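Everything below concerns the one structure shown next.
The numbers here are math on the coordinates, done by the rules we state, and not lab data. Computed from a predicted model, the values in this text were never measured in an experiment. We place every Cβ from the backbone using ideal geometry, glycine too, and count neighbours over all the protein chains shown.
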């Protein structure tokens, strides 16, 4: 005789919420030339030249820009790498 199959009841309250994304924010500084920051973005963030230039313009005009958003571990690594390029980068929680 086969045992009846029991289906678990899934309640919406018990569902795992996705983790909040973390932002890598770069602030404008008077020290680094824009061309240098473009090269840093291309190397650290693996961006094409045109996209890196747009981000640099945003940083320059608005004083800061979110250059990457995602999981905390990768965001921490990117912040450290950008800081090693002597950029004013920080981690911020999205939301």
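Overview of values
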| quantity | calculated |
| --- | --- |
| Separation of the residue 6 and residue 74 label points, Cα + 7 Å toward Cβ, nm | 4.0 |
| For Rg and Dmax of the Cα atoms in Å, calculated from these coordinates, the label among (1) 13.5, 47; (2) 20.5, 79; (3) 13.1, 42 | (2) |
| Helix 72-84 axis, angle to the chain major axis (alpha carbon atoms, nearest 10°) | 10 |
| The range 52-95: C-alpha gyration tensor shape, a/c 1.5 cut-off, then a/b vs b/c | oblate |
| Acute angle (nearest 10 degrees) that the helix 34-45 long axis makes with the longest principal axis of the chain, alpha-carbon atoms | 20 |
| The chain, helix-only ellipticity at 222 nm - DSSP H runs n ≥ 4, -39,500 (n - 2.57), divided by all residues, nearest 500 | -13000 deg cm²/dmol |
| Relative contact order, percent, the chain [alpha-carbon distance under 8 Å, six or more residues apart] | 43 |
| FRET efficiency estimate (nearest 0.05) - Cβ-Cβ, residue 57 to residue 94, R0 22 angstrom | 0.50 |
